[in-house]
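Engineer: Quick one: the structure is below, questions incoming.
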Amino acid sequence: MKSAERPLSPHLQIYRWQLTSVMSILHRAAGLALCAGSILLVVWLVAAAMGPEAYRGVQNFLGSGIGVALLLGWTVALFYHLCNGIRHLTWDTGHALDLRSTYSGGWLVIAATVVLTAAAWAAGIWHWVS
Amino acid sequence: MREAPPTRMRSPLGRAIGLGSAKEGVEHWVIQRVTAVALVPLALWFVAAVIQLTGADFDAMQDWVGQPLPAIGLILLLIATFYHAALGLQVVIEDYVHGELARLGLVMLARLACTALAVAGIVAVLTLALGAAD
């Protein structure tokens with residue numbers, strides 16, 4: 001395509017970061033992270049189906065530093081994609097599409113992600129120690 | 001779009017016919033939403049279940065999957081997850097991969113991988129639920 005002589009619109013780095021665009025990109029990134037996380041889900045289930053030894057191996061990996069970091073990242077990605085997905089579904093019905101609602105909804109999604117992640121890990125750790 | 005060379009005798013409409021919408025775009029969009037709605041309760045239920053299983057040994061895990069409702073929930077979760085993942089990956093690939101062959105190949109690879117992972121997960125759940133594992 002021949003386009004060199006035409007003026008180009010400014011590219012991404014020209015614009016100031018906005019909550020809306022960053023959240024849109026993060027939604028996609030979280031979705032990709034969850035694809036990787038769902039591989040872990042299948043590995044966990046297949047290991048359990050293979051027997052106690054394989055299952056213990058996966059459980060040991062998940063209990064290691066890397067495993068815990070992966071699970072924490074997976075939890076954040078899951079709750080973010082879930083909450084922001086509900087925001088998207090709301091938009092699909094034609095609601096909350098004005099500028100104010102997109103920002104207040106965005107902050108609500110971020111707050112809900114933090115609260116749900118903290119609650120899930122608090123419950124998990126409480127269940128672990130008791 | 002490049003303008004058609006003047007030697008071309010076919011009209012723009014003639015060239016476009018047969019190259020347009022395959023009339024399947026809506027289906028992709030709708031199923032993406034259907035699986036998204038299904039995944040809201042399924043994902044929340046799964047996180048709650050995993051919290052309950054924190055630190056559980058193999059026997060506890062096997063007992064849990066051996067119950068009908070967790071087995072049903074896990075199978076539904078696997079189907080919705082990997083259907084949703086295949087559709088989402090397709091959108092990402094189509095946005096960023098511009099070579100036609102590479103794009104088609106990657107979409108196909110994503111679909112095959114999602115299908116294989118879903119089948120592997122479902123078979124694992126059934127193996128545990130039906131007690132074939134030791």
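Engineer: Choose one answer from B:Ala71, B:Ala116, B:Ala102: the residue with the largest mean-square fluctuation in a GNM of chain B with alpha-carbon springs under 10 Å.
Structural biologist: Looking only at B:Ala71, B:Ala116, B:Ala102, the largest GNM fluctuation is found for B:Ala102.
Engineer: Rounded to the nearest 0.05, what FRET efficiency is calculated for A:Trp128 and A:Arg100 with R0 set to 51 Å and r the Cβ-Cβ distance?
Structural biologist: 0.75
Engineer: If a helix is a whole DSSP H run, which ones in chain A reach 27 Å or further along their own axis (Cα) and hold a mean Kyte-Doolittle hydropathy of at least 0.5?
Structural biologist: The answer, listed by residue number, is A:19-50, A:65-92, A:99-129.
Engineer: Can you tell me which of B:Arg15, B:Arg103, B:Arg111 moves the most in a GNM of chain B? Springs connect C-alpha atoms under 10 Å apart.
Structural biologist: Per the Cα network of chain B with a 10 Å cutoff, B:Arg15 tops the list.
Engineer: Specify the angular offset, from 0 to 90 degrees and rounded to the nearest 10, of the alpha carbon long axis of helix B:100-129 from the longest principal axis of the alpha carbons in chain B.
Structural biologist: The angle comes out near 20 degrees.
Engineer: Now for a different question. In whole percent, what relative contact order does chain A give with Cα contacts below 8 Å and a gap of six or more residues?
Structural biologist: Rounded, it is 28 percent for chain A.
Engineer: Once fully extended, how much extra length lies between A:Thr20 and A:Val115, figured as 0.36 nm per residue of separation less the alpha-carbon to alpha-carbon distance?
Structural biologist: Numbers: separation 95, 0.36 × 95 = 34.20 nm, distance 2.02 nm.
Between A:Thr20 and A:Val115, full extension yields 32.2 nm more.
Engineer: What are the semi-axes of the equivalent ellipsoid of the protein assembly as shown, taken as the square roots of 5 times the eigenvalues of the Cα gyration tensor, listed largest first and rounded to whole Å?
Structural biologist: 41, 24, 17
Engineer: Local charge sum around B:Pro70 (other residues, Cβ-Cβ under 15 Å, Lys/Arg +1, Asp/Glu -1)? Please report the intermediate quantities before stating the final value.
Structural biologist: Details: positive: none; negative: B:Asp59, B:Asp63.
Charge balance in the 15 Å sphere: -2.
Engineer: Now for a separate question. Residues with beta-carbon under 13 Å from that of A:Arg28, excluding A:Arg28: net charge, scoring Lys, Arg +1 and Asp, Glu -1?
Structural biologist: My count for the surroundings of A:Arg28 gives -2.
Engineer: Using only the alpha-carbon atoms, how far is helix B:68-96 inclined from the longest principal axis of chain B? Give it as 0 to 90 degrees, nearest 10.
Structural biologist: 30 degrees
Engineer: Another question, then. Which residues in region A:68-91 place their backbone N less than 12 Å from a point set 7 Å from the Cα of B:Val37 along the Cα-to-Cβ direction?
Structural biologist: Inside the label zone: A:89-90.
Engineer: Which whole-number percent gives the relative contact order of region B:49-134, counting Cα pairs below 8 Å spaced six or more residues apart?
Structural biologist: Details: 47 pairs, mean separation 36.6, N = 86.
Value for region B:49-134: 43 percent.
Engineer: Next question. Can you give the FRET efficiency for B:Thr54 and B:Leu130, using 1/(1 + (r/R0)^6), R0 = 25 Å, r = Cβ-Cβ distance, to the nearest 0.05?
Structural biologist: The value I calculate is 0.45.
Engineer: Using only Cα atoms, tell me the angle between helix B:25-52 and the longest principal axis of chain B; keep it within 0 to 90° and round to the nearest 10.
Structural biologist: Once rounded, one gets 20 degrees.
Engineer: Another question, if that's okay. Calculated from DSSP H runs of 4 or more alone, at -39500 (n - 2.57) each and per residue, what is the 222 nm mean residue ellipticity of the protein assembly as shown, nearest 500?
Structural biologist: Value at 222 nm, helices only, nearest 500: -27000 deg cm²/dmol.
All of the numbers you see were taken from the coordinates with simple rules; none came from a lab. Since we're looking at a predicted model, the values are computed, not measured. We place every Cβ from the backbone using ideal geometry, glycine too, and count neighbours over all the protein chains shown.
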